[in-house]
Structures are given as C-alpha cells and as structure tokens.
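The structure appears below as structure tokens.
The values are calculated or read from the model by the stated rules, or taken from the named source; none is laboratory data. Nothing here was measured: the structure is a model prediction, and the numbers come from that model. FYI the Cβ positions are ideal-geometry reconstructions off the backbone, even for glycines, and counts take in every protein chain you see.
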Amino acid sequence: MMARERVPQSHKVSLVDLRVGDPVIRYGQVIGTALRDLPEGSWVREDAVGMPEAPGLDELELATQVPDPMEPLEGYTFEGYVNPDGSVGTKNLLGITTTVQCVAPTVDYAVRRIREELLPRFANVDDVVAITHTYGCGVAIDAPGAAVPIATLRHISRHANIAGSPLVVSLGCEKMQPARLMTNDPLLPVFEAERDLVRLQDERGFGETVAAILRAAERKLSILNERRRQTVPAAELVVGLQCGGSDAFSGVTCNPAVGYAADLLVRAGATVMFSEVTEVRDAIHLLTPRCATTEVAKDLIREMRWYDEYLARGYADRSANTTPGNKRGGLVNIVEKSLGSVAKSGSSAIMSVAAQGEKVKSKGLVFAATPASDFICGTQQLASMNLHVFTTGEGTPYGLAMTPVIKVSSRTTLAEKWPDLIDLDAGRIATGKATIENVGWELFRLMLDVASGRKKTWAEHWGLHNALAPFNPGPVT
C-alpha cells in the first residue's frame with residue numbers, strides 16, 4: 001500500500017477503502033466514522049473523522065475480566081527517607097506551605113534568603129520549597145467543591161518529601177485558616193504546632209516578618225539535616241503517571257512502555273496512579289472489567305459521571321480536551337487520545353479509586369480522579385506521589401519542585417531535539433531499536449535510581465518547577 005499524498009509523521013493512513021459512515025478503527029476500537037470517502041492510502045485527518053458518543057455508563061461490565069495477580073518481583077530497593085508516619089520520601093526538603101495567595105510573594109522572598117543564608121549550613125537538606133497557590137480566600141470556603149482544593153493542599157503540606165512536617169505561613173484574615181488547611185476540623189482554634197506557624201498580621205513590618213520565617217526555618221532545617229537515606233523496598237514508591245502534549249505515537253511507544261513499567265511496580269508491591277478523567281472516559285469500557293471488585297468498578301463509574309456533570313454545567317464535554325498540539329501530532333479526537341492514554345495503566349487489576357482531592361492509600365494500580373490539565377493533574381497527584389512519570393509526544397519542560405519528574409518521549413526525533421529535557425526515549429520502539437519490554441525495564445530501573453538520588457532528571461537539573469494549580473470546582477466569591 002502506498003500513501004496517496006504526503007502524510008506528516010505520526011498521522012494516520014487508511015489501510016483499506018473507507019466509505020462515508022464506515023467505522024474508523026485504531027487499537028482495535030472504533031475512534032469515529034468516516035465523514036467522506038477515504039480510499040486506501042488516504043490521509044486520515046481530524047476533519048475526515050466524526051466523533052462517536054462516549055460509552056454509556058449504565059451498562060458497563062463490572063469486574064468481569066479481573067487479571068490474575070502477577071508473579072511478585074522481589075529484591076528491588078531504593079534509598080529513601082523514612083518518615084515518622086511510615087511514608088517514604090525521595091527527597092529531603094524544607095517545605096513552607098501557605099494558607100493564601102496573599103503571602104506568596106513574602107514567602108518567595110524568604111525562600112531566596114533561606115537558600116542564600118541558611119541552606120549552605122545544612123548539607124543533608126536538598127532544598128527549600130514554597131508551597132504557594134492561588135487558593136485560600138475570595139471563595140465559598142464551605143461549599144462542597146471547596147473540599148477538593150483544601151484536601152489537595154492539606155495532603156501536599158504533609159508530603160513525604162518534606163517529612164510530613166511543613167512550616168506554615170498565614171496572613172491572618174483569610175478564609176482558609178491554618179487549622180482548616182492542616183486538620184480535618186475547621187473549627188479548631190489554634191494550629192496544632194504553633195511554633196511551626198508564622199502569621200504575618202501578628203508581625204511588625206516586612207523585615208520582622210521575614211526574620212520570623214527565617215528563625216522558624218532554621219529550627220526545622222536543623223531537624224531535617226539529621227535525616228539520612230535508608231534502603232527500603234521498591235514497594236514504598238508511589239508513582240504518578242501522566243500524559244502531556246500527546247501525539248499519535250504516544251499510544252504505541254511511551255505509554256505502553258510506561259504501562260510495562262507500571263506492571264513491574266505493581267509486582268514489586270508499589271502504588272501506581274493513573275489519572276486524567278477526560279483522557280480515560282472513552283476507554284472506560286476497557287477499564288471497568290479490569291477492576292478488582294464490582295465496588296471498585298462502580299467507584300470508577302462514579303468519577304466518570306461526576307466529571308461528565310461538571311463539564312456539562314460549563315456547557316462543555318470531553319471533546320474540549322484535545323489541543324492544537326495533539327492534532328498536529330496526529331490525534332483526530334479525544335477517543336483516540338484516550339485509548340492511547342490508558343496504555344499507561346499496564347495490565348494489572350485496578351485495586352481502588354480515589355476521588356477528586358483524595359489521597360491514595362492503597363497499594364497496586366489505582367485510578368486517582370483528576371482533570372487532564374497537566375498542571376492541575378500534577379498538583380492533585382502530588383498529594384500522594386513521591387515520584388512522577390510524564391510522557392510526551394510534542395514536548396514540554398514541565399516539572400515539580402517537590403518530587404522528581406521523569407519525562408519519556410514518544411518519538412526519537414523529540415528526544416534528539418530536546419536531549420537536555422527528555423530523560424528517556426521510547427521512540428526507539430517505533431524504529432525497532434528497542435521493545436516495549438526493553439524500555440519498560442529501563443524506565444523501572446531509572447525510577448529506582450532517581451528515587452535514590454543517584455540520578456537527577458533534567459527538570460531537577462535545570463530547576464524547572466511549575467506552580468501548583470489546585471482544582472477548584474467550587475464557587476469564587
């Protein structure tokens with residue numbers, strides 16, 4: 001078969017004659033119908049494919065094809081920081097969390113001072129990070145939707161990579177008071193660790209405010225400096241998986257390789273999260289049969305339905321997800337994108353589902369509900385994960401300050417174009433230079449090295465850190 005016209009890399013070519021209305025099939029699934037005749041060898045572009053309805057949620061198979069448990073993978077370890085609560089960090093950071101955006105510039109200024117004046121004296125502390133965000137006031141703080149950003153920020157503020165013990169900076173008059181952020185009791189009058197709290201409106205002037213933050217930071221740095229890495233099982237990894245700037249190769253190279261590595265992690269007893277509701281919605285019929293129980297399958301459906309209704313309130317649907325870059329990379333619609341996206345989940349049973357803003361606590365493969373936005377998804381996954389794997393076909397310098405981000409490219413041309421941003425090239429699968437299994441194992445070993453601090457990701461090397469973006473489905477006042 002020969003192409004009838006010049007077709008860009010990663011775009012599709014019809015292998016058979018298609019007539020108007022015929023199904024267009026990829027991954028063995030219908031991704032749409034032909035809107036015009038497409039003779040064999042035709043370029044199958046976005047404007048030639050009509051998008052089908054999303055799978056219905058009321059007649060899905062529930063836990064009917066639960067995969068058998070895979071053979072355990074034993075003997076794999078990494079060097080991590082064991083916390084008093086039993087969690088394990090992959091970094092040793094001083095975290096300064098904030099209750100409201102108003103204090104963010106002051107905290108950013110203080111962080112610069114801490115790096116320059118204090119951090120050099122504490123060689124065992126990797127860095128200091130400001131947990132700043134755009135939430136905290138001017139919102140309906142008691143509305144049901146407010147629970148999502150508050151819970152997300154609470155879990156991040158207790159992150160394993162900051163030893164679960166942040167320094168808290170508050171303004172004083174904001175709606176999200178320290179007690180509401182740091183505990184489940186919004187009526188608690190005093191933050192549980194007052195000595196780890198700086199309230200700006202209690203201080204006299206900017207200089208004294210910064211001095212108070214530095215004094216509190218020095219106390220915490222002296223404690224963090226005593227921490228040392230310890231050998232722990234790979235089961236202590238909590239890995240978030242995410243796509244960003246996907247193309248039509250993503251579903252055949254990087255995402256399947258990540259899925260293979262996800263299976264290895266599950267076999268090693270670790271926790272693996274896949275997310276992005278709109279990027280699994282059209283593959284839901286492939287996921288509910290894989291759920292470990294009917295209850296887990298119903299939880300998964302619950303999250304799909306919740307997001308359908310959320311989008312509908314904004315007069316939108318999942319078709320709004322695809323970007324110009326996705327389309328340039330050959331993805332004709334969200335259906336095709338979703339089918340490629342779920343390849344990251346590998347082949348094991350889905351053991352549990354975490355709702356929006358909920359922290360993942362179970363082992364094995366977990367669906368953690370998040371929007372598909374890179375920044376919001378990353379923020380919500382950060383509430384649980386101590387390591388992040390990010391696949392991309394078009395490229396992005398995305399990174400997070402609090403946890404390492406390993407970027408995996410779908411195409412070798414992207415890895416060659418960005419050799420100092422891409423950590424692992426899965427495009428070798430398409431060129432025949434490697435297999436999915438080869439790259440999966442390579443990624444698995446890279447994760448252990450990065451988690452141990454033996455290797456740095458490019459985002460860590462350059463200090464590329466995206467701002468946190470908590471998902472707020474609630475009203476803003």
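Residue-by-condition table, conditions (1) part of a loop (DSSP other than H, G, I, E, B); (2) modelled with pLDDT under 95; (3) among the hydroxyl-bearing types (Ser, Thr, Tyr); (4) not assigned by TED's automatic domain parsing to the domain that holds PHE249:
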{"residue": "VAL272", "(1), (2), (3), (4)": "no, no, no, no"}
{"residue": "THR278", "(1), (2), (3), (4)": "no, no, yes, no"}
{"residue": "GLU303", "(1), (2), (3), (4)": "no, no, no, no"}
{"residue": "GLU309", "(1), (2), (3), (4)": "no, no, no, no"}
{"residue": "SER319", "(1), (2), (3), (4)": "no, yes, yes, no"}
{"residue": "THR322", "(1), (2), (3), (4)": "yes, yes, yes, no"}
Tally the residues that are assigned to a loop (DSSP other than H, G, I, E, B) and under 13 Å from VAL13 (Cβ atoms), restricting the search to the range 38-58. 5
Only one residue in THR403, THR392, THR396, THR412 is touching an Asp or Glu at 6+ places or on another chain (Cβ under 9 Å) and under 30 Å from PRO166 (Cα atoms), so which one is that? THR396
Tell me, please, whether a residue that is closer than 20 Å to ALA261 by Cα and touching a Gly at 6+ places or on another chain (Cβ under 6 Å) can be found in the range 365-373. no
Could you please find all residues in the range 76-109 being among the β-branched types (Val, Ile, Thr) and more than 16 Å from ARG229 (Cα to Cα)? ILE96, THR97, THR98, THR99, VAL100, VAL103, THR106, VAL107
By residue number, the members of the range 387-421 that are in a loop (DSSP other than H, G, I, E, B), in contact with a helix residue (DSSP H, G or I) (Cβ under 8 Å, 6 or more places away or on another chain) and under 20 Å from HIS465 (Cβ atoms) are GLY395, THR396, PRO397, TYR398, GLY399, LEU400, MET402, THR403, PRO404, ASP420, LEU421
Subset of the range 289-313 that is free of Cβ contacts under 8 Å to residues at least 60 places away in the same chain and of a type in the set (A, V, I, L, M) - its residue that is surrounded by the most Cβ atoms within 10 Å (Cβ to Cβ): LEU311
Can you tell me which residue in the range 77-116 is farthest from ARG158 (Cα to Cα), limited to those that are free of Cβ contacts under 8 Å to residues at least 60 places away in the same chain and among the charged types (D, E, K, R)? GLU116
Among (1) free of Cβ contacts under 8 Å to residues at least 60 places away in the same chain; (2) on the phi > 0 side of the Ramachandran plot, the one test that GLY346 misses: (1)
Extreme residue, nearest to the chain's Cα centre (by Cα), among residues of the range 430-476 that are within 29 Å of LEU153 (Cα to Cα) and among the polar types (S, T, N, Q): ASN466
Selection status of GLY240, among the small types (Gly, Ala, Ser), surrounded by fewer than 24 Cβ atoms within 10 Å (Cβ to Cβ), within 26 Å of ILE156 (Cα to Cα) and in contact (Cβ under 8 Å) with a residue 24 or more places away in the chain: no
Flag if LEU187 is modelled with pLDDT under 95 and surrounded by 23 or more Cβ atoms within 10 Å (Cβ to Cβ): no
Checked the range 424-477 for anything within 29 Å of GLY269 (Cβ to Cβ) and of a type in the set (Phe, Trp, Tyr); matches are TRP441, PHE444, TRP458
Verdict on ALA355 being more than 24 Å from ALA451 (Cα to Cα) and in contact with a Leu (Cβ under 8 Å, 6 or more places away or on another chain): no
When the residues of the range 259-300 are narrowed to those that are touching a Cys at 6+ places or on another chain (Cβ under 9 Å) and of a type outside the set (D, E, K, R), which ends up farthest from LEU311 (Cα to Cα)? ALA297
Counting just the residues of the range 324-337 that are part of a helix (DSSP H, G or I) and touching a residue at least 60 places away in the same chain (Cβ under 8 Å), which one comes out farthest from ARG281 (Cα to Cα)? ARG328
Scan the range 308-323 residue by residue and report those that are among the charged types (D, E, K, R) and more than 13 Å from ASP282 (Cα to Cα). GLU309, ARG313
For the range 316-335, state whether one or more residues are acidic (Asp, Glu) and crowded, with 23+ Cβ neighbours inside 10 Å. no
Looking only at the range 35-68, which residues are touching an Asp or Glu at 6+ places or on another chain (Cβ under 7 Å) and among the acidic types (Asp, Glu)? GLU40
Does GLY21 fit the bill of being touching a residue at least 40 places away in the same chain (Cβ under 8 Å) and assigned to a loop (DSSP other than H, G, I, E, B)? no
Could you tell me how many of the residues in the range 30-47 are of a type in the set (Gly, Ala, Ser), within 19 Å of LYS327 (Cβ to Cβ) and either surrounded by fewer than 19 Cβ atoms within 10 Å (Cβ to Cβ) or without any contact (Cβ under 8 Å) to a residue 40 or more places away in the chain (or both)? 2
